[in-house]
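Read through the structure below, which is laid out as structure tokens, and then see the notes.
None of the figures in this text is laboratory data; all of them are computed from the coordinates on show. Every value quoted in this text rests on a predicted model; they were computed, and no experiment measured them. Positions of Cβ are backbone-derived with ideal geometry, glycine not excepted, and every protein chain shown enters the neighbour counts.
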Amino acid sequence: MPAQIKYELVDALKEKLAKTKAVYVAEYRGMTVEQSTMLRKKVREAGGELKVSKNTLFKIAMKETGLTALPDEMTKGPNIYALCYDDPVSVAKVLKEYANDKTQKAFILKGGLLETQILDLNQLLALADLPSKEALRAQVVRTIAAPLSGLVNVLSGTIRNFVTCLDQIRAKKEEGAA
């Protein structure tokens, strides 16, 4: 490959890496075109992109972008790189789900980089087990709303008891009148 093309490839990778929040690495040796296309679609829907690149060019692009270098054992072999532009957890979930699929044996997760932290396989799988960003937001809202709804219940309890008492007084007066 001519040197100019390599420079252009590195520049294109640097552009993409500048926007990423996380990079995940997997070996894809033996994947069919159909499997690869399906995985690319799922990753794209999760807010990421799959990129096949020469390991040396990817390392150069990461270094020039200022990202932490991936360990050498993670970048050996034919690798596919998942670039996460939105929510790193959702892309990690897609990759874990695909790696655990019993129908394929060609896709092997290796690890990755989350902002400045190198993730080994176990950390990447733990990240994939986290709830999504929307689920975490919902949990925070419920946590904030719980004391408020409790306060509303306490305050409305007094009024409810008062109304019940008045209803019982009304019922007794109607009994006495009849």
Within the stretch 60-87: backbone nitrogen closer than 11 Å to the ILE118 label point (7 Å, Cα to C-beta): 68-75
Dipole in debye (nearest 20) - the chain, about Cα centre, beta carbon charges: Lys, Arg +1; Asp, Glu -1: 120 debye
Contour excess over end-to-end distance, with Cα ends at THR103 and ALA145 and 0.36 nm allotted per residue: 10.7 nm
Label selected from (1) 9, 30, 24, 19, 13, 4, 0; (2) 9, 32, 31, 18, 10, 1; (3) 9, 29, 24, 10, 7, 7, 6, 6, 3, 1, 0, the criterion being P(r) over Cα pairs in 10 Å bins from 0, in percent as computed here: (3)
Förster radius 35 Å - calculated FRET efficiency between GLN4 and SER132, Cβ distance, rounded to 0.05: 0.25
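So which GluC sites (Glu not before Pro) in the stretch 42-144 pass both tests, a DSSP loop state and at most 14 other Cβ atoms within 10 Å of the Cβ? Provide the component values of the computation, followed by the final result.
Details: sites: GLU45, GLU49, GLU64, GLU73, GLU97, GLU115, GLU134; in loops: GLU115.
Passing both the DSSP loop test and the Cβ count: GLU115.
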Spacing of the two label points (7 Å from each Cα toward its C-beta) at ARG29 and SER156, in nm: 6.3 nm
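Order of LEU9, LEU109, LEU95 from fewest to most other C-beta atoms within 10 Å? Could the numbers behind the result be given before it?
Details: LEU9 17, LEU109 20, LEU95 28.
Neighbour counts put them in this order, fewest first: LEU9, LEU109, LEU95.
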GNM top mover of GLY150, GLY77, GLY111 - the chain, alpha-carbon springs below 10 Å: GLY150
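If you add up the charges near ASN79, with Lys and Arg at +1 and Asp and Glu at -1, over every other residue whose beta carbon is less than 10 angstrom from its beta carbon, what do you get? The partial results should precede the final answer.
Numbers: positive: ARG29, LYS51, LYS54, LYS76, LYS110; negative: GLU27.
With Lys, Arg at +1 and Asp, Glu at -1, the neighbours total +4.
Within the stretch 1-71, report the chymotrypsin sites (Phe, Trp or Tyr not before Pro) that DSSP leaves as loop and that have at most 10 other Cβ atoms within 10 Å. Intermediate values should be presented prior to the final figure.
Values: sites: TYR7, TYR24, TYR28, PHE58; in loops: TYR28.
Loop-located and lightly packed - none at all.
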Within straight-line cross-link reach of LYS59, aspartates and glutamates at Cα separation under 19 Å, skipping those fewer than 8 residues along the same chain: GLU8, ASP11, GLU15, GLU27, GLU49, ASP72, GLU73, GLU115, ASP120
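If neighbour count is taken as other Cβ atoms inside 10 Å, put LYS59, LYS133 in order from fewest to most. Walk me through the intermediate numbers first.
On the way: LYS59 18, LYS133 14.
Placing the least packed residue first, the sequence is LYS133, LYS59.
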